[in-house]
Amino acid sequence: MDIKGQKFGIMGFARSGISTALKILEYGGIPFISEIKTENEIRENIITSFGLETWQNLSCYSEFGQHSDKLLECDTIIVSPGISTNHIILQKAAVKNIKLISEIELGYLIKDKSSKIIAVTGSNGKSTTVSLIYHILQNAGFKVILAGNIGSPITAYPIDKPGLDYLVLELSSFQLELIHDFLPDIAIFLNLTPDHLDRHQTMANYLKTKLKIFMNQNNSHKAVLNADDRTIMTHRCEIGSQKAYFANRADSIPQHAVESSYLTDNKIIWNNYTSNSPDEFVFDTDRSHLLGLHNRQNMMASILAVSKEISDKNLIQNSLDSFLPLPHRLEKISEIHSITFINDSKATNTDSVKQALTSFNKPVHLILGGYDKGEDYTALLPFLKDRVSHIYLIGNAKKRMELAFQSLSEKISSHKSLFEAVNSAYKNARREEVVLLSPACASYDMYKNFEQRGEAFRTIVRELEKNENRLH
């Protein structure tokens, strides 16, 4: 991509915007960062996170408190994932034929050709899957980075220089909206369930955006697909790459599939028929630290992602055994008087909550609620009836949830804060029961992000633990 002398508008003075601007400056381009917050609102946070020099270098190329028509003077606009493509400035830019791209697209256009991309999308399980793939590749001795919707932006790394074997990317639908030439060597679509409908409006729009991950692939590339997801399978013929499938049962795998993985008891059976002599390996999941059937699916997808790259399947097995759960994803925080506290703050949609609830064989005290993204919460009713002792509602989704769960009103209580909900759950829970934060909502009404919400839960539980230790 020709950057030198070109003017790039960058919407959003945050992590991806900052790394993008620095990369553009490095290549002789002219960045113009447009930030809706005022300079006073973000200055100290930027200096604390990135340093005074970065602030001084970039603030002179910026505007604050608005997204003005100055963006329309740029050759290309790089849009932060948090900004909708329906924004009036972007609509004006489209009329003027100004190219709109994502930071992921820019990263792809400048990356060194020798590095391969493994990209993962889906409604749930992305972070665990990319982290597991990264873990396996690192253990195999490859030079690899983990970026995208997890950790640092792709442009924060020296991707334009040789030396990296793999770029493992977690991609949200927001990041996929504005890709054009982006081409992953291996693309994984884990699942599709209702999410971000406040942004995409319909499931059809949401699906269309997710499928863009495959749009530039051909038969020399690989697509890893969930054979249990009917929506994904309905669209598999639109995907032009070689396909590998994973499923909970062998009979869900399409006939004549060249490569697949499926579950038998606690084993993952991997098959590959690309050679004259079929290859098979049985992976044991008993030693895995990951809870739940959904994490078995994440493991199967990860195996398919690296199967060609790593011939020693025992190395993959050892990596599956040693991988630890990510924070805020069914993370055990503590056990107080035989009551287990689980932080699943990353569960920001109803399907994630279903997966969490099916991971326990004990009664659950469930903390739900937060920023309402427009989902149909009645989808949770069958799971709440059978598995949950009591439901503790928080956040601005409380009223809609109360209406959705009115048939369970006798076991629902409403709370002003997470602190109040956790303490109430602890008082109600009995020995061998679980207190689970799995909100089914985003966090923006009460917290900056799901990480901050999860850390708040951790702090509350730790304080409970300290108080109980003092009493005993």
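Residue count for the range 252-262 under the criterion of being of a type in the set (V, I, T) and either buried (at least 19 other Cβ atoms within 10 Å of the Cβ) or under 18 Å from D229 (Cβ atoms) (or both): the result is 1.
Looking across the range 139-157, the residues that are among the hydrophobic types (A, V, I, L, M, F, W, C), at pLDDT 95 or above and under 15 Å from I117 (Cβ atoms) come down to F142, V144, I145, L146, A147, I154.
Can you find a residue that is of a type in the set (V, I, T), under 20 Å from E103 (Cα atoms) and either assigned to a loop (DSSP other than H, G, I, E, B) or touching a helix residue (DSSP H, G or I) at 6+ places or on another chain (Cβ under 6 Å) (or both) anywhere in the range 60-82? Yes: one or more hits.
For the range 424-451, the set of residues classified as assigned to a helix (DSSP H, G or I) and in contact (Cβ under 8 Å) with a residue 24 or more places away in the chain consists of S424, A425, Y426, N428, F450, E451, listed by residue number.
Here I136, I179, I188 are screened, and the one residue that is surrounded by 19 or more Cβ atoms within 10 Å (Cβ to Cβ), within 16 Å of the chain's Cα centre (by Cα) and among the β-branched types (V, I, T) is I188.
Taking the residues in the range 310-320 that are surrounded by 18 or more Cβ atoms within 10 Å (Cβ to Cβ) and not hydrophobic (A, V, I, L, M, F, W, C) as candidates, determine which candidate is farthest from I268 (Cα to Cα). So, considering only residues that are surrounded by 18 or more Cβ atoms within 10 Å (Cβ to Cβ) and not hydrophobic (A, V, I, L, M, F, W, C), the one farthest from I268 (Cα to Cα) is S319. Would you check if G5 is at pLDDT 95 or above, in contact with a helix residue (DSSP H, G or I) (Cβ under 8 Å, 6 or more places away or on another chain) and not aromatic (F, W, Y)? Taking the combined requirement at face value, the residue does not satisfy it.
Within the range 263-298, being surrounded by 19 or more Cβ atoms within 10 Å (Cβ to Cβ), of a type in the set (A, V, I, L, M) and assigned to a strand (DSSP E or B) holds for L263, I268. Condition test on S131, is it of a type in the set (G, A, S), in the same structural domain as M300 (by TED's automatic domain parsing) and modelled with pLDDT of 95 or more? Yes, satisfied.
If the condition is being in contact (Cβ under 8 Å) with a residue 12 or more places away in the chain and either within 19 Å of I316 (Cβ to Cβ) or of a type outside the set (A, V, I, L, M) (or both), then the range 221-235 contributes H221, K222, V224, N226, D228, D229, T231, H235.
On the given criteria, is V144 in contact with an Asp or Glu (Cβ under 9 Å, 6 or more places away or on another chain) and under 23 Å from L315 (Cβ atoms)? Yes: the conditions hold for V144. Scanning the range 354-395 for residues that are among the β-branched types (V, I, T) and either in contact (Cβ under 8 Å) with a residue 60 or more places away in the chain or within 21 Å of M203 (Cβ to Cβ) (or both) yields T358, V364, I367, T378. Selection over the range 321-334 of residues that are surrounded by fewer than 22 Cβ atoms within 10 Å (Cβ to Cβ) and touching a strand residue (DSSP E or B) at 6+ places or on another chain (Cβ under 7 Å) gives a count of 5. Of the residues making up the range 212-237, those that are crowded, with 20+ Cβ neighbours inside 10 Å, in a helix (DSSP H, G or I) and aliphatic (A, V, I, L, M) are I213, I232. Does E26 meet the test of being more than 18 Å from Y108 (Cα to Cα) and either among the acidic types (D, E) or free of Cβ contacts under 8 Å to residues at least 24 places away in the same chain (or both)? Against the criterion (more than 18 Å from Y108 (Cα to Cα) and either among the acidic types (D, E) or free of Cβ contacts under 8 Å to residues at least 24 places away in the same chain (or both)), E26 does not qualify. Filtered by the rule that a residue be touching an Asp or Glu at 6+ places or on another chain (Cβ under 6 Å), closer than 20 Å to H289 by Cα and not in a loop (DSSP other than H, G, I, E, B), the range 340-389 gives N343, A356.
The values are calculated or read from the model by the stated rules, or taken from the named source; none is laboratory data. Quick caveat: nothing in here was measured; it's all calculated off a predicted structure. A quick note on method: Cβ atoms are made from the backbone with ideal geometry, for glycine too, and the neighbour counts reach across all protein chains shown.
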